[in-house]
1. When the residues of the range 50-59 are filtered to those that are in contact (Cβ under 8 Å) with a residue 24 or more places away in the chain and not polar (S, T, N, Q), which remaining residue is farthest from Leu74 (Cα to Cα)?
2. Looking at the structure I just gave you, is Ala211 modelled with pLDDT under 95, assigned to a helix (DSSP H, G or I) and more than 19 Å from Met140 (Cα to Cα)?
3. Select from the range 238-282 the residues that are at pLDDT 95 or above and of a type in the set (S, T, N, Q) and write down the one among them that is farthest from His121 (Cα to Cα).
4. Of the numbered conditions (1) assigned to a loop (DSSP other than H, G, I, E, B); (2) buried (at least 22 other Cβ atoms within 10 Å of the Cβ), Leu173 satisfies every one except a single condition; which is it?
5. Determine which member of the set Ala152, Ala187 is in contact with a helix residue (DSSP H, G or I) (Cβ under 9 Å, 6 or more places away or on another chain) and either small (Gly, Ala, Ser) or modelled with pLDDT of 95 or more (or both).
6. Which numbered condition trips up Leu74, out of (1) assigned to a helix (DSSP H, G or I); (2) more than 26 Å from Leu245 (Cα to Cα); (3) modelled with pLDDT of 90 or more?
7. Taking Leu117 and the conditions (1) modelled with pLDDT of 90 or more; (2) of a type outside the set (Gly, Ala, Ser); (3) part of a helix (DSSP H, G or I); (4) surrounded by 14 or more Cβ atoms within 10 Å (Cβ to Cβ), which numbered condition does it fall short on, given that it satisfies the others?
8. Within the range 214-238, work out how many residues are under 20 Å from Arg138 (Cα atoms) and free of Cβ contacts under 8 Å to residues at least 24 places away in the same chain.
Amino acid sequence: MDDLAGFLRTRRSRVDPAAVGIPTDSRRRVAGLRREEVAHLSGVSVDYYVRLEQGRATQPSEQVLGALARVLGLDETEREHLDRLARQPRRRAKAPSGRLRPELLRTLGLISDAPALIMNHRLDVLAGNRLAELLFGRPMPGLNTARHIFLAEAERGLYADWDSCTLDAVGHLRLATGKYPDDPRLASLIGELAMGSERFRRLWARADVCARTHGRKAYRHPLVGLLELHQENFSLPDPAGTELLVLSAAPGTPTEDGLRLLASLGTEGDTAPRPALDPRSR
């Protein structure tokens, strides 16, 4: 699904030659750096770098990876992704199961004033609290947020910052393919999104990666209007790759009032979060 060669090709295509001291003129036909320029700036032979981009060289050293990261201007997340891709033949992580401890579900249920959900590396929602279900207008079991963003809500408008959400989703899935290259359900999801969304195909081809840990999330809810929320992502110790997402409103804001109104519109009764079914059981 993802490989070192493809990642290197996309990264060098975005480097401005002038930024690394290489003069350009109107006769230059390639975007970014040429292979031989990357090799020269990184201190490796042209032949070796060509073999890296062709997938014929394996296990580059830490020194080579560090030099490539410097020349290609990789940020911390991209550098970690580069390292994982380079080490894949040796160490391939097993995709975690979707089982959640009852204690974790009980903790999720204690969050009552903010939408909160537990999500895995495929962006499957494993469980969500009552306010999360009211926000999304549907039960949490069976929801995959990448599928929801690209295939269900592209034209309906729940995501006020839809373009930004698509970038985040693709960047997250790119990271996941580096961590879990042998996950068949992840591969199936990516194929489904590529078949169903032209924007997904374009963004996937860029091979951008990102690890979002916090930031603004805005929703246009059909009943309560615009909700400008702040998302915090908390990595959970089990299973690996699972996160708790909490969407909070700043005190004294219209969004805080909107969440209260949304909560009041929900039905009374059982507020315990429901774990999602394992997709293999459906």
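1. Going through the qualifying residues, I end up with Gly55.
2. Numbers: modelled with pLDDT under 95: yes; assigned to a helix (DSSP H, G or I): no; more than 19 Å from Met140 (Cα to Cα): yes.
Spelling it out, it is not the case that Ala211 is modelled with pLDDT under 95, assigned to a helix (DSSP H, G or I) and more than 19 Å from Met140 (Cα to Cα).
3. In this case the residue turns out to be Thr253.
4. For Leu173, the exception is condition (1).
5. On the way: Ala152 fails: in contact with a helix residue (DSSP H, G or I) (Cβ under 9 Å, 6 or more places away or on another chain).
Answer to the selection: Ala187.
6. For Leu74, the failing item is (1).
7. All conditions are met except number (3).
8. Residues in the range 214-238 being under 20 Å from Arg138 (Cα atoms) and free of Cβ contacts under 8 Å to residues at least 24 places away in the same chain: 1 in total.
The values are calculated or read from the model by the stated rules, or taken from the named source; none is laboratory data. In this text, all values refer to a predicted model and were calculated from it rather than measured experimentally. Using ideal geometry, Cβ is built from the backbone for each residue, glycine included, and neighbour counts are taken over all protein chains shown.
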